[in-house]
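Data block below; observations after.
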Amino acid sequence: MRNSEIARMRLYNQQISHPVFESPEQVVRWMTATQAQNYYASLWAIGLRTSPAAGITEPDIEQAVAEKKIVRTWPMRGTLHFVAAEDVRWMLELLTPRVIRSAAGRYRDLELDEATFKKSRDLLEKALRGGKQLINSELYHVLQQGGISTEGQRGYHILTFLAMERVICMGPRRGKQHTFTLLDEWLPAAKNLQREETLGELARRYISSHGPATDYDFAAWAGLTLKDARMALDISGPEFAQTETGGKTFWFSEETESPAKASSDTYFLPAFDEILSGYKDRSVVLRSDQNKDVILKNGIFKPVMIMNHKVTGSWKRILKKESVVLEMEPFMPLKKEEIKRLRQASLPYGRFLGMEIILTGVGDK
């Protein structure tokens, strides 16, 4: 299997080239966890994966948050993701203990010990009880009033720790500010699952939505040890096919081995998109010498454009009053036909935002 075939199958399985789902929660559940470190980028990551016929817009995804269908929290790698409501608890229980252990040194540096976390939990549970939704500054004020310093990064790490411990989660926005609420009040109780069950479920969902992928890709994406990742793949193994390419074993679903040709091969993907952040080895779609142009030293993944199953450059958006400028940074000069394809590929993003799209950096003025 060549890299071009692997890339084509990934675009298909990730619902980029052949989106079929009609709601944000269907997309998020299929993807299992959708990177949401950059909030506005994460909305487009979901939107671009919905069927064009559904006409999903940015407010529709925020409405899904308000209706408790999808939740933004820290389920894996200590990083924000959108997760389907029914998956929040088992993913947090499976994946966050290792993150918390790995952060022990940072907690010590910030003088955050067990007693401090317990007192913080008691204070915030009392403040949020009864369905209240408070923003960061309000929660920090509660902690400060209770004698818990939030200076430096202490406040942030207290909130993420309590989210990973299944105490709080993010709720809908208040204006432009993100709120927090009690997880047990926000979402109904869920059935307890055994660890092997959740490992197998995680592997099945990852390979179905992200395959073809290797065990190293899966381990890096989930934040699992390689041993646990391989155990999870063994549990789900009979459901998937394997192929050897370049000395690596790729797992994939046979149902998408030969997806139909897409109507387009040009896409605008948001920052931190799963087509890059979902794999340890990104060389299938991004040349190693171009990594530095897309993945910055501080861990930021820039928005990218894809043509012919390859990342061909990055872009950024500049919001105007009634339009949004997409400023292109292609790796190589673009031909007229490629510019035409980019213009066409930008239209879904304009519909998603309800704004006119203006391209710059590719010959448009």
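The values are calculated or read from the model by the stated rules, or taken from the named source; none is laboratory data. From a predicted model like this one, the values you see are computed outputs, not experimental measurements. Positions of Cβ are backbone-derived with ideal geometry, glycine not excepted, and every protein chain shown enters the neighbour counts. Remember, those area values only see protein heavy atoms, side chains included, never the ligands or the DNA or RNA. Shrake-Rupley method; radii C 1.70, N 1.55, O 1.52, S 1.80 Å.
How would you classify region 91-158 from its alpha-carbon gyration tensor, with a ≥ b ≥ c the square roots of the eigenvalues: rounded for a/c under 1.5, else prolate if a/b is greater than b/c, otherwise oblate? Here region 91-158 falls in the oblate category. Full extension of the chain segment joining Ser149 with Asp234 gains 26.0 nm, where the gain is 0.36 nm per residue of separation less the Cα-Cα distance. Put a plus charge on the Cβ of each Lys and Arg, a minus charge on the Cβ of each Asp and Glu, and nothing anywhere else: the dipole of region 105-168 about its Cα centre is then about 220 debye. Rounded if a/c is under 1.5, else prolate if a/b beats b/c, else oblate: with a ≥ b ≥ c from the C-alpha gyration tensor eigenvalues square-rooted, which is region 1-77? Verdict is oblate for region 1-77. Accessible area of His309 (1.4 Å probe, protein heavy atoms only, ligands and nucleic acids ignored): about 50 Å². Since only Val142, Gly361, Met231 are under comparison, the one whose Cα sits farthest along the positive direction of the charge dipole of the chain, derived from C-beta charges on Lys, Arg, Asp and Glu, is Gly361. Here, region 114-214 has an Rg and a Dmax of 16.8, 51 Å when only alpha carbons are counted. In order along region 270-278, the phi-based Karplus estimate (6.51 cos²θ - 1.76 cosθ + 1.60, θ = phi - 60°) of 3J(HN,Hα) comes to x, 4, 6, 4, 4, 5, 10, 6, x Hz; Gly and Pro are listed as x. Counting heavy atoms of the protein chains alone, Glu138 has an accessible area of about 60 Å² for a 1.4 Å probe.
Label sites at Met332 and Lys316, each approximated as a point 7 angstrom past Cα along Cα to Cβ, lie 2.5 nm apart.
Summing Cβ point charges (Lys, Arg +1; Asp, Glu -1) relative to the Cα centre of region 218-359 gives a dipole of roughly 740 debye. Near Val324: Cβ cut-off under 12 Å, other residues only, Lys/Arg at +1 and Asp/Glu at -1. The net charge is +1.
Taking the Cα centre of the chain as reference, the dipole from Cβ charges on Lys and Arg (+1) and Asp and Glu (-1) amounts to some 860 debye. Beta bridges assigned by DSSP with both partners in the chain are antiparallel in approximately 85 percent of cases. Between Arg343 and Asp109, the simple label model (points 7 Å from Cα in the Cβ direction) yields a spacing of 5.0 nm.
Only protein heavy atoms count here; under a 1.4 Å probe, Lys292 has an accessible surface of about 140 Å².
Counted over all Cα-Cα pairs of the chain, pairs farther apart than 36 Å make up 24 percent. For the cross-link pairs Lys69/Lys191; Lys280/Lys302; Lys297/Lys336; Lys69/Lys280; Lys69/Lys132; Lys176/Lys321, the ones whose C-alpha atoms lie over 25 Å apart are Lys297/Lys336; Lys69/Lys280. Using a simple spin-label model with pseudo-atoms 7 Å out from Cα toward Cβ, Ala53 and Tyr40 lie 3.2 nm apart.
Our helix-only sum for the chain, with -39,500 (n - 2.57) per DSSP H run of n ≥ 4 divided by its residues, gives a mean residue ellipticity at 222 nm of -13000 deg cm²/dmol. Sort region 1-137 into rounded, prolate or oblate with this rule: let a ≥ b ≥ c be the square roots of the eigenvalues of the Cα gyration tensor; rounded if a/c is under 1.5, and if a/c is not under 1.5, prolate when a/b is larger than b/c, oblate otherwise. Oblate.
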